[in-house]
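I have placed the structure first, in the form of structure tokens, so that the comments after it can refer back to it.
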Amino acid sequence: MLKLFGRALATLLLVGAFMTVSAQQPIQVSIGFNPTQNSDQLSAAANAIASYLEKQFGGAVEVKVFMPTDYRGLIEAMGSGNLDFAFFPPDGFVIANREVHAQVLLKSVRFGNPYYWAAIIVRKDSGINKLADLEGKSIAWVDPNSASGYTFPRAALIQAGINPDNFFSKQTFAGAHDAAVLAVLNGSVDAAAVFANDDQNKSGAWTQFLSADQAAQIHAIFYTKPIPGDTFSVSQQFAMAHPALTYQIAAAIASIKAPDSKLLENLYRIDYMVPADSEDYAVVKETRQILGLDKAQ
């Protein structure tokens, strides 16, 4: 049944259908948000999404916002039955799909692309211009469950014949993309792996979280292959118990589009979201297998 959600949702959005919810008591819905940035900024954007959904359903739905301290927290909350929907990063979705049977509904689109990149960034004045220059240097990853902040760039290095554990003098986890960018800017580390919106050194975490003058001091020296966009996913339990409401909530999220609405833009710099299928994330599974994180299936 769950595999049909992507196709059914696409059809729903295509014909412009919008179902109604009728309940004597408001239905409680919990939505988790991936902690990619400063918690205060994320909290404001997440609560704006919750308010939007409550208004869309005219009080028939009450939305509870959940923001964990790390990426893994979303998966654990959904697995324990305490989370109905989540904005999972690609890596997090693959794990949640395998461990707790989460189902992807939507994927993000930025700059017209339903995918993005991982970049390794350095200060422009560091004298580091290529991967080979990083030997013996320090690097900040974001989180073990971050596609752009860990698995994709690390797998790319391995495929290039570089063993990160021997190549770098020090490896740390910054916990979030903004923290990783700041670590490079202030010289705490020589390099960091973060997300990028293109592979042309135009836009990425460094332009998003820094001022223009600060961002001008940073550039990317390496890009990975494209990564499918981060997701809006649903728990198996909620999807089975409330299939119609699942479609409607996804449709409401998919109806948010920049520049008419900045709700998703303020949240994760997303222009809009489109229907997705778990098969879209096969490349993420393959990348995790290269790192030995998951067994081939």
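The values are calculated or read from the model by the stated rules, or taken from the named source; none is laboratory data. Predicted model, so just to flag it, every value in this text is computed and none were measured. Note that each Cβ is placed from the backbone with ideal geometry, even for glycine, and that neighbours are counted across all protein chains shown.
List of remarks:
- Filtered residues of region 156-185 (kept if touching a residue at least 60 places away in the same chain (Cβ under 8 Å), crowded, with 19+ Cβ neighbours inside 10 Å and touching a Pro at 6+ places or on another chain (Cβ under 9 Å)): Gly175, Ala176
- Condition check for Gly175: within 28 Å of Leu263 (Cβ to Cβ) and not in a strand (DSSP E or B): yes
- Failed item in (1) buried (at least 19 other Cβ atoms within 10 Å of the Cβ); (2) not in a loop (DSSP other than H, G, I, E, B), with Asp125 passing the rest: (1)
- Summed over region 224-283, residues that are surrounded by 16 or more Cβ atoms within 10 Å (Cβ to Cβ), hydroxyl-bearing (Ser, Thr, Tyr) and farther than 18 Å from Tyr116 by Cβ total 5.
For every residue, the table says whether it meets (1) in a helix (DSSP H, G or I); (2) touching a helix residue (DSSP H, G or I) at 6+ places or on another chain (Cβ under 6 Å).
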position	(1), (2)
Asn145	no, yes
Phe152	yes, yes
Leu157	yes, yes
Asp165	yes, no
Val181	yes, yes
Val184	yes, no
Phe195	no, yes
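- Residue identified as farther than 26 Å from Ala205 by Cβ, at pLDDT below 95 and not polar (S, T, N, Q) among Lys64, Lys3: Lys3
- Conditions (1) among the charged types (D, E, K, R); (2) out of contact with any strand residue (DSSP E or B) (no Cβ under 8 Å at 6 or more places or on another chain); (3) free of Cβ contacts under 8 Å to residues at least 60 places away in the same chain; number of the one not met by Glu54: (2)
- Selected residue [more than 15 Å from Ala205 (Cα to Cα) and in contact with a strand residue (DSSP E or B) (Cβ under 8 Å, 6 or more places away or on another chain)] from Ser169, Ser148: Ser169
- Against the list (1) closer than 19 Å to Ser30 by Cα; (2) in contact with an Asp or Glu (Cβ under 8 Å, 6 or more places away or on another chain); (3) at pLDDT below 95, the condition Ser146 fails is (1).
- Out of Gly79, Gly92, Gly161, Gly127, one residue alone is modelled with pLDDT of 95 or more and assigned by TED's automatic domain parsing to the domain that holds Tyr247. It is Gly79.
- Members of region 128-143 that are within 27 Å of the chain's Cα centre (by Cα) and part of a loop (DSSP other than H, G, I, E, B): Lys130, Val142, Asp143
- Residues of region 215-263 classified as more than 30 Å from Ile120 (Cα to Cα) and not charged (D, E, K, R), total: 24
- Counting the residues of region 107-122 that are in a strand (DSSP E or B) and either more than 15 Å from Ala258 (Cβ to Cβ) or over 15 Å from the mean Cα position of the chain (by Cα) (or both) gives 9.
- Filter pass, Pro153 being surrounded by fewer than 19 Cβ atoms within 10 Å (Cβ to Cβ) and in contact with a strand residue (DSSP E or B) (Cβ under 8 Å, 6 or more places away or on another chain): no
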